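Structure record follows, encoded as structure tokens.
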Amino acid sequence: HGGHPARATTSSPLPPPPSPAMVQTMRLAAQMATKKFTIGKKKPAKKPAGGAKGGFQTKGWGLPGARDEILLDNWYGANRKLWLPGGLLDFSDVNPVLDGTAPGDYGLDPFNLSKTQEDFDKYRAYEVIHARWAMLAVAGIAIPEALADAGADIPGAVWFKTGAEMLENNFTGTLNYDAEPWGVIDNPLPLPVVAAIQIGLFFFVEQYRSSGSGPEGYVPGKGSFTTGDLESAAASDSLHPGGPFDPFGLADDPEKFAELKVKEIKNGRLAMFAMLGVFVQAIYTGEGPMANLAAHQADPTHVNGFMYFDKFTPGSGSIRP
């Protein structure tokens with residue numbers, strides 16, 4: 001226009017679009033600038049109503065390193081984890097009695113023991129009680145031996161030698177509880193006294209457990225309780241009664257309580273396997289579990305289960321190396 005010739009223009013090529021990696025880098029930089037930058041941690045989902053089976057997420061114990069949340073749907077209900085991964089086992093193959101309402105129910109019942117709900121409740125009670133005894137037993141076996149290895153004076157510290165130690169010298173051997181490095185307890189007890197105490201405690205504890213009742217008493221932090229309180233707690237859930245049996249208030253939060261019941265049975269099952277290992281290792285090595293562990297840690301290549309395989313062959317002689 002106006003007689004001016006059109007100007008020759010040269011357009012430079014457009015820059016290439018940013019790569020996906022560059023886009024992600026820019027996005028992270030923007031998050032850092034707005035102080036919303038997080039690494040591998042999503043904002044906890046809001047708890048829906050309806051209890052643990054509705055998707056409640058627990059907050060753990062608030063300790064350093066504790067996981068922020070655990071989705072209880074992984075352990076309870078129709079969508080819980082099974083003992084075989086997906087594709088190998090379908091929920092339609094699981095015994096309908098195993099409906100996911102009990103903690104630790106992975107749908108495993110190869111011998112079809114839970115034909116009815118009554119059968120399931122009975123065997124579940126057996127398992128929980130044995131699991132608790134196993135956890136106590138593993139601690140009672142490992143701790144004295146570990147203390148003796150650290151220098152404590154514990155005659156018969158290895159679990160299968162304790163009784164023999166006390167039977168020496170015409171039943172005059174003693175079980176000395178002066179096991180702490182600082183030596184604040186000195187209570188040597190002869191075998192008849194120890195046996196009488198243990199039998200008496202077992203009798204009363206099992207009697208109260210089977211009857212769902214017991215005497216009045218006092219629990220620190222909970223106060224006094226009556227026989228009616230015990231019976232009411234046992235009637236609600238004989239395996240996890242709470243109330244006077246929960247001095248630390250672990251069952252006050254129902255979601256956290258549901259998580260703890262899963263942790264209890266999982267650790268209890270591990271302890272039962274540990275006890276089996278303790279028994280077998282004692283037979284084949286003649287030593288306690290802490291000595292076995294120390295020997296394995298010192299030479300893991302040679303000191304392991306494989307070195308005892310030949311002990312299973314007939315006519316191999318002594319079962320100990």
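The values are calculated or read from the model by the stated rules, or taken from the named source; none is laboratory data. A quick note: this is a predicted structure, and the numbers were derived from the prediction, not measured. Positions of Cβ are backbone-derived with ideal geometry, glycine not excepted, and every protein chain shown enters the neighbour counts. Quick note on the areas: whole protein, heavy atoms, side chains included, nothing else; ligands and nucleic acids left out. Shrake-Rupley method; radii C 1.70, N 1.55, O 1.52, S 1.80 Å.
Annotation for HIS296 and TYR123: the two label points, set 7 Å from Cα along the Cα-Cβ direction, are 2.9 nm apart.
Sorted on the mean count of surrounding Cβ atoms within 10 Å across their residues, most packed first, peptides 256-262, 270-276 read 256-262, 270-276.
Sorting PHE120, PHE160, PHE203 by accessible area puts them as PHE203, PHE160, PHE120; the probe is 1.4 Å, largest comes first, and only protein heavy atoms count. The distance between label points at LEU167 and VAL205 comes to 2.4 nm (points 7 Å beyond Cα on the Cα→Cβ vector).
The local environment of ALA139, defined by Cβ-Cβ distances under 14 Å, has a net charge of 0 under the rule Lys, Arg +1 and Asp, Glu -1.
Loop-located trypsin sites (Lys or Arg not before Pro) in the range 106-153 (DSSP state other than H, G, I, E, B) with a sparse environment of at most 12 neighbouring Cβ atoms within 10 Å: LYS115.
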